[in-house]
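Asks: Dumping the structure here so I can ask a few things about it.
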Amino acid sequence: MGVADALALVGAGDQSKGAENPHWRETHSGGPVSDTKNILVVDDDPEILRMVSSYLTGEGYGVETATNGTRMGEILKAHAIDLVILDLGLPGQDGLELARSLRAKSDIGIIILTGRGEVVDRVIGLEIGADDYLTKPVSLRELLARVRSVLRRQAAAQAKRGPEAPNQARFAGWSLDFNARKLTASDGSEIPLTTAEFRLLGALVVEAQQPVHRDRLLELVAEREWTPYDRSVDVLVGKLRQKIEPDPKNPSLIKTERGIGYLLAADVELS
């Protein structure tokens with residue numbers, strides 16, 4: 001990606017603060033404050049790294065940058081990072097695998113960048129456990145708003161966690177371990193779940209026999225608000241049914257409540 005593409009990232013409304021504006025550099029040169037959140041920006045384009053880093057630093061965040069997955073891993077080991085902004089288009093590397101690996105090891109905030117905005121991309125974002133995603137080009141002001149939103153939701157989620165949260169759920173021969181994030185069948189075999197599938201099943205389990213609105217499921221699964229016509233959760237439900245239903249074409253566990261959402265039609269024992 002060249003300078004022209006980097007400027008496109010900023011967006012028409014932000015170009016007055018762009019790379020060639022010295023006043024922008026001066027007014028966005030403040031360092032991190034004592035209670036700052038630390039952000040890691042991973043992109044192979046140095047122009048984007050410089051602009052995003054400068055902008056977020058000026059807004060009071062501590063910012064580290066990396067151009068590849070190897071450097072990303074080094075920074076994560078050496079620094080306390082609260083959120084990662086990850087470009088999926090890193091040359092020679094699978095950005096999705098980097099995101100999956102990161103989510104498997106940590107509940108750190110993840111905002112992914114993609115050049116496409118189709119439903120399939122949203123589903124991929126959900127399945128890798130990203131908290132949000134942005135389609136390029138995007139304005140820096142919008143990026144800042146998404147960063148603040150993810151960090152705010154993280155803080156709220158941490159505040160809600162407590163000793164009352166269930167450790168395990170048993171239903172219809174299945175066992176769901178909330179701590180280990182494992183789903184086990186009645187014969188003892190483990191069924192692999194993506195992060196999004198685990199979140200979806202967990203949400204349905206704790207509200208068993210009660211319909212959960214699809215918009216609420218989207219918020220719980222993706223930890224963000226989605227557009228009214230977003231079908232990502234429906235795709236995820238279909239994938240989850242393939243894993244736990246005796247007959248996925250005639251589901252008996254995950255029922256569709258038309259006009260509302262879905263419910264888990266099973267008695268659940270929580271412990």
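The values are calculated or read from the model by the stated rules, or taken from the named source; none is laboratory data. Keep in mind the model is a prediction, meaning the values are calculated, not measured. As a convention, Cβ positions derive from the backbone with ideal geometry for all residues, glycine included, and neighbour counts pool all protein chains shown.
Asks: Output the number of residues of region 146-184 satisfying the condition of being assigned to a loop (DSSP other than H, G, I, E, B) and at pLDDT below 70.
Replies: 5
Asks: Would you please list the contacts, defined by Cβ atoms under 8 Å and residues six or more apart or on different chains, that run from a residue in region 192-210 that is touching a residue at least 24 places away in the same chain (Cβ under 8 Å) and under 23 Å from Asp132 (Cβ atoms) to a residue that is of a type in the set (A, V, I, L, M) and part of a loop (DSSP other than H, G, I, E, B)?
Replies: From residues that are touching a residue at least 24 places away in the same chain (Cβ under 8 Å) and under 23 Å from Asp132 (Cβ atoms), the pairs are Thr194/Ile128; Thr195/Ile128; Ala196/Ile128; Leu201/Leu193.
Asks: Scan region 135-147 and report the pairs whose first residue is under 24 Å from Val120 (Cβ atoms) and whose second residue is assigned to a helix (DSSP H, G or I), with Cβ atoms within less than 6 Å and a gap of 6+ or a chain change.
Replies: Partner pairs satisfying both residue conditions: Pro137/Ala8; Pro137/Leu9.
Asks: Identify, by number, the condition in (1) more than 18 Å from the chain's Cα centre (by Cα); (2) of a type outside the set (S, T, N, Q); (3) surrounded by 15 or more Cβ atoms within 10 Å (Cβ to Cβ) that Gly202 doesn't meet.
Replies: The number of the failed condition is (1).
Asks: If a residue must be over 20 Å from Val221 (Cα atoms) and exposed (fewer than 15 other Cβ atoms within 10 Å of the Cβ), how many such residues does region 90-106 contain?
Replies: Number satisfying all stated conditions: 3.
Asks: In region 86-100, which residues are more than 15 Å from Thr67 (Cβ to Cβ) and small (Gly, Ala, Ser)?
Replies: Selection gives Ala99 alone.
Asks: Within region 60-116, considering only strands (runs of 3 or more DSSP E) that don't extend past its boundaries, which have at least 3 residues that are over 18 Å from the mean Cα position of the chain (by Cα) and free of Cβ contacts under 8 Å to residues at least 60 places away in the same chain?
Replies: By residue number, 62-66.
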